[in-house]
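I have placed the structure first, in the form of structure tokens, so that the comments after it can refer back to it.
The values are calculated or read from the model by the stated rules, or taken from the named source; none is laboratory data. Since the structure is predicted, the reported quantities are computational estimates derived from the model, not experimental observations. Ideal geometry is used to build each Cβ from the backbone, glycine not excepted, and the neighbour counts take in all protein chains shown. SASA here: full protein model, heavy atoms, side chains in, ligands and nucleic acids out. Shrake-Rupley method; radii C 1.70, N 1.55, O 1.52, S 1.80 Å.
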Amino acid sequence: MLDLIIIGFVEMLTLANLLLIIFGVIVGILFGAIPGLSATMAIALMLPVTYGMAPISGFALLIGLYIGGISGGLISAILLRIPGTPSSIATTFDGSPMALRGEAGKALGIGIVYSFIGGMISIIILTFISPPIANIALKFGPYEYFAVGIFSLTMIASLVSGNVFKGLASGILGLIFAMVGAAPIDSAKRFTFGINALDAGFNILPVLIGLYAVSEIIKVAECGVNEDNFEISNYKLRGFGFSVKEFVGQTWNMFRSAFIGLGVGILPGIGGGTSNILAYTVAKDQSKYPEKFGTGIMDGIVASETANNASVGGALIPLLTLGIPGDTVTALLLGGLMVHGLNPGPLLFKNNAELVYGIFAALFIANIAMLILEFLGLRAFVKLLSIPKNILLPIIMVLCTVGAYGLNNRVFDIFTILLFGVIGYLLEKNGFPLPPIILGFILGPIIEVNLIRGLMVSQGSFVPFITRPISAVFLLIAAVSFILSMRKNIKNTNKTQTESL
């Protein structure tokens, strides 16, 4: 294995391949940072370019786009409170409040460093133990995926810091929106109201753009643009903006979030959009000061950014060892392998070992390039906050519109961002949190599909859902998690009422 790792680095450390990786990381960061664009779109646009390249060079470019695209979402999440990608949703929760109080540089520094660390942890694990881990993932069937989805859904109670019932209502609303369109198994139309464009349902990116970007623009439009409110506060930035003591204090949070991201990444179809929220809620539940989450603390950014980048290595494990893509990006990478006449699976390691370890080397190099390039651009990113909102917000609205349309070349997606912009604005104005909507929207299809598949296999019996060991364990953890979260919220409510009296 050591010889193969060395060969992989030798193959990748040529000038042409290094330039392709750096170019890919830069383009990926831009696509990740611009609301409405994503790593998926960047790879989809560049995939035809790799047709005429050698496989090793083509994957140098694609891996650079992947790493840059996943990490780039933290820039707009922190500076504009708009998650550039679904993987950076939870980064907005604490990143944006830090930026608003003049700590944008520190927030970005934390995000960049822990993106790098999360990525490196998952890449090391991918390189050395991917086949055994993939074999464990093979044991997951519809019963297990359903249980994982239910467990993740119980995290809604942890995401709510105020009115629990409003939080749960938001989560249910997310589930309802996820059900719009054709049913996953029998393709029956639901909640379409005769509108053909709704047959395919709502795409996650337009929903994200609407809830976080357009709703923010509507709020500013309502209040009027007072440029004094948006002046960047004075800040001091040394290195990445945080101390060694702060770094050491996040060690357990970092490793826990990395393994959450890795585990979620391995499970096909779930991906970084879930892992960052799950890691954030676990960090909040395990924290000694959960009430500070959402006010702008380091812990939240560490959890989110470590987890979403750790899911990169996790998603590649089933792709390379079993030929099963872990998310939409790895589905495109699967296409890239097939274009070059390569079939992912156990035989890929045997017949094309040099290419596989070249991909591992590309991941290491791209991760380092991401760290350096984002660090060099740190001060430039912070300067974005000094742009007057009456100039910045119209530009963002245009980019959001272009990004939404470019996703599927549908005008309907432009109307989607406007619809969810209004919904997000009305919900926030009435005290309903937005994160549970996103969690419900992402997890709804996973739970529904695997519930139906499980019932088909068991001929309508629910018994296997609670008798299969892995499924039973996750459902038990979900029940305990929900009960503890509700108990904690009730205690906090009673405490608040007592103090007010």
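Observations
- Candidate set: region 174-213, residues that are under 26 Å from the mean Cα position of the chain (by Cα) and among the aromatic types (Phe, Trp, Tyr); chosen: the one least open to solvent (accessible area, probe 1.4 Å): 212
- In region 134-150, the condition of being modelled with pLDDT of 85 or more, surrounded by fewer than 19 Cβ atoms within 10 Å (Cβ to Cβ) and in a helix (DSSP H, G or I) is met by no residue.
- Flag if residue 117 is open to solvent by 10 Å² or more (accessible area, probe 1.4 Å), part of a helix (DSSP H, G or I), farther than 22 Å from residue 414 by Cβ and not small (Gly, Ala, Ser): yes
- Qualifying residue in region 385-403 (condition: crowded, with 17+ Cβ neighbours inside 10 Å, at pLDDT below 80 and under 30 Å from residue 140 (Cβ atoms)): no
- Condition check for residue 306: within 27 Å of residue 145 (Cα to Cα) and at pLDDT 85 or above: yes
- Here residue 261 passes the criteria (1) at pLDDT 85 or above; (2) closer than 19 Å to residue 86 by Cα; (3) open to solvent by 10 Å² or more (accessible area, probe 1.4 Å) except the one numbered (3).
- Residue 79 being within 24 Å of residue 336 (Cα to Cα) and over 13 Å from the mean Cα position of the chain (by Cα): no
- Restricting 422, 411 to residues that are without any contact (Cβ under 8 Å) to a residue 60 or more places away in the chain and either more than 30 Å from residue 140 (Cα to Cα) or open to solvent by less than 50 Å² (accessible area, probe 1.4 Å) (or both) narrows the list to 411.
- Output for region 76-98, where each listed residue is open to solvent by less than 10 Å² (accessible area, probe 1.4 Å) and hydrophobic (A, V, I, L, M, F, W, C): 77, 78, 82, 89, 90, 98
- Residue count, region 1-26 (criterion: in a helix (DSSP H, G or I) and open to solvent by 20 Å² or more (accessible area, probe 1.4 Å)): 17
- Members of region 439-475 that are of a type in the set (Lys, Arg) and either within 30 Å of residue 167 (Cα to Cα) or within 21 Å of the chain's Cα centre (by Cα) (or both): 453
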